[in-house]
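A short worksheet on the structure shown next.
Coordinate-derived values only; no laboratory data. Just so we're clear, the structure is a prediction, and the values are computed from it rather than from any experiment. Glycine also receives a Cβ, built like all others from the backbone with ideal geometry; neighbour counts cover every protein chain displayed.
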Amino acid sequence: MSQTTIHMNDVNKWFGTMHVLRDINLTVNKGEHLVLCGPSGSGKSTLIRCINALEEIQGGTIEVNGNVLGKKGANVDHVRRDVGMVFQQFNLFPHLTVLQNCMLAPRRIHRISEAEAKDKAMHFLEQVHIAEHGHKYPAQLSGGQQQRVAIARALCMGPQIMLFDEPTSALDPEMVKEVLDTMVGLADQGITMICVTHEMGFARAVAHRVIFMDRGEIIETAPPTEFFGNPQHERTRAFLSQILNH
Amino acid sequence: MNYTFDFTPIFQAWGLLAQGAWATVYISAISMALGLVFGIVLTALRMAPLAPLRAFAIGYIELVRNTPFLVQVFFIYFGMPELGLRLNAMEAAILTMTLNCSAYIAEIVRSGVESIRPGQIEAGKALGLSTPDVYRFIVFRPAIRAVYPSLCSQFVLMMLNTSLVASISAQELTYAAQMIDNRTFRSFEVYFVLGAIYLVLSQLFSVGLSMIGRVYFSYPTK
Amino acid sequence: MIRTFGFPELLFILDGAKWTVLMSLAAFLFGGLLGLLVALARTSKIRPARFLALCYIQLFQGTPLLIQLFIVYFGLPIIGIRVELWLALITGLSLHASGFLAEIWRGSIQAVPEGQTEAARALGLGYISRMRDVVLPQAFRISLPATVGFMVNLVKGTALAALLGLTELTRAGQLMSNITFEPLKVYATVGLVYFAICLPLTLVSSRLERRLNARG
């Protein structure tokens, strides 16, 4: 797994006068699993939102699967087709059933037939163990179920990279496990994953590297054993003691 | 009070009133449908990334919303022939109604679109959908659902507004009543019955529109 | 003799606007007073009062303003009141306004959190004080954008007086159009005068709305 999938070079971003990403340099290899953590406002969500161009950057370059995200939305469509995203708030479409949620993008973008889209949707809904709810609307599902549908919906587009933006933060505690299990299953299939999460058990289990961010900067990057066993930076230690000892 | 009410001549002319009521429903339905289409186009212009398009939409919407419908009717019916556009009363009525409706609908639809959480649009974009597709398949239905009650009351107001096109002799319900008035001189009774018919029509419109809404927006929400 | 549309004709139209403004103000004032009573009835604890108020509002929201004006105009003499056209029109417009304002204010009164009424009751305040000192001031603030917005509708509504023959702004336009044969220019002018009256109200209304939303 040496092939480069994502390459961020000196990326800088401002919200107005607030400098939210400072000189970010990051290379992600094909099949690699990354966990991003850090205090709120550290820029971790912003960073992954830049990767599929939900946020514009003001400096530096981002290359995804050979497509350079430049100014004025160049290559955005190509990049988004290769990158799936799962949000904190699920963002399922309330007026569409679970199946329709999964079928919309493949039908519109890949122009596949309804039957084919349905087969594909059912396949991924089975993978996340929710196929029996295919005819229901999002509002009829629990948070954990909705988030699993959201994962299946992203997978239907056949992405090579999956971004997870705090996928379990909005869930009731008893539903966190079902979503994490789904994500672990996905990791086992070898897809490239970048997860913003504070689930350190998940990080230990699947991450190849854990990245700690604070105030818009990458402070520390290390494999999980090193990251949790022997953090190098004072800020990392402070952060870990806060989230591990509560 | 020694006035004797006499409704018989009005009820004898029920055929005229029925025809008029049908014309009112007809004008209203066509203008609402066309107004909805143009209104959505206006909303798109109103939210377009290009400043001149936005300015045009805002100018149009505010001009229409801040002048009386009656003056708009006169402007189209009497004024347009000067520019070479000669319309009969019915055409002028439908055209003015449509132009008028679209501005109000555009304002309502815009507030519906603005009520959609940004996460919905982001989710669509993250799936790779184009911006038109995001608005068509993801934003449209929940946006209309959010403002459907306002949209319905606007539709009812528009139906009631059609009474003004009698002033250019478009043959709808109020025009029919005025003909009966001229014939019978029973003004109060005529307009009393006319008011009752409009009241029934507006209730029917309300019920009909909310039934359409219940079918189209049948999906559950939290 | 055909006249061209010039300064005297413009003055004639502007003179008509006097009536437009006067009728709007009067209808807002009287309609507001009546509308407040109806709104209070609509939100009261007394069931028949609520029902009657509902019917009242439905009546004015479910029929065209033009027909309301006709009914008042032809109905007043029947109940023995003979008045000038302008007075009949102000009566009709006021009744119309009361129906719509009542509905706007009903919504605003109900938008004041229930806890406010309960707190006032816990303090031992009677109905009048509860409404006057606690609920209505808050409802007033909530209702302001819609109330100002309705004023625009009222100004536009006065145009219907033209169809009953009062020489306000629109009727003045009709008369000038008939003698100049320049309807395009005349009605555009009339429209612009209405626009000049209504636009400031619309702008105030939307600014109030933004401020209300910003405050949550």
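What the table below lists for this structure:
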read-out: Chain A: relative contact order in percent, alpha carbon pairs under 8 Å with at least 6 residues between; value: 25 percent
read-out: Label zone at residue A:4 (point 7 Å along Cα-to-Cβ), backbone N below 14 Å, the stretch A:21-59; value: A:25-30
read-out: Percent RCO, i.e. relative contact order, over chain B, from Cα pairs under 8 Å lying at least 6 residues apart; value: 29 percent
read-out: R0 of 22 Å, Cβ-Cβ distance residue A:135-residue A:184: FRET efficiency to nearest 0.05; value: 0.20
read-out: Burial ranking of peptide ranges B:144-152, A:89-97 (average Cβ count within 10 Å, highest at the top); value: A:89-97, B:144-152
read-out: Among the listed pairs A:30/A:118; A:120/B:125; A:44/A:136; A:30/A:136, those beyond 27 Å (Cα-Cα); value: A:30/A:118; A:44/A:136; A:30/A:136
read-out: For the stretch B:195-206, 3J(HN,Hα) per residue [Karplus equation, 6.51 cos²θ - 1.76 cosθ + 1.60, θ = phi - 60°, Hz, x = Gly/Pro]; value: x, 4, 5, 4, 4, 5, 4, 5, 5, 4, 4, 4
read-out: Neighbouring partner chain Cβ atoms per residue of A:24-31, average, 10 Å criterion; value: 0
read-out: Length added when fully stretched, residue C:181-residue C:2, from 0.36 nm per residue minus Cα-Cα; value: 63.7 nm
read-out: Rounded FRET efficiency, nearest 0.05, which uses the C-beta distance separating residue C:12 from residue C:138 and R0 of 60 Å; value: 0.85
read-out: Note, ³J(HN,Hα) from phi for the stretch C:35-50, Karplus 6.51, -1.76, 1.60, rounded to Hz, x at Gly and Pro; value: x, 4, 4, 5, 4, 5, 5, 5, 10, 7, 7, 8, 4, x, 5, 4
read-out: Vicinal HN-Hα couplings computed from phi for the stretch A:5-14 (Karplus, 6.51 cos²θ - 1.76 cosθ + 1.60; Hz; Gly/Pro x); value: 9, 10, 9, 9, 10, 6, 6, 10, 9, 10
read-out: Label-point separation, residue B:111 to residue A:240 (7 Å along Cα→Cβ), nm; value: 5.4 nm
read-out: Spin-label zone in the stretch A:7-50 - amide nitrogen under 15 Å from a point set 7 Å from the Cα of residue A:78 along the C-beta vector; value: A:7
read-out: Cα centre as origin, Lys/Arg/Asp/Glu Cβ charges: the stretch C:94-173 dipole, Debye; value: 80 debye
read-out: Label-point separation, residue A:126 to residue A:233 (7 Å along Cα→Cβ), nm; value: 4.5 nm
read-out: Label-point separation, residue A:160 to residue B:91 (7 Å along Cα→Cβ), nm; value: 6.0 nm
read-out: For residue A:60, distant residues with modelled amide H under 5 Å away; value: A:12
read-out: Test item: C:153-161 mean partner chain Cβ contacts at 10 Å; value: 4
read-out: Under 5 Å, built H, 5+ apart or other chain: amide partners of residue A:192; value: A:31, A:162
read-out: Rel. contact order, % - alpha carbon contacts under 8 angstrom, at least six apart, chain C; value: 31 percent
read-out: Förster-model FRET efficiency, 30 Å R0, residue C:211 and residue B:47, C-beta, rounded to 0.05; value: 0.85
read-out: Considering only the protein assembly as shown, percent of DSSP beta bridges that pair antiparallel, nearest 5; value: 55 percent
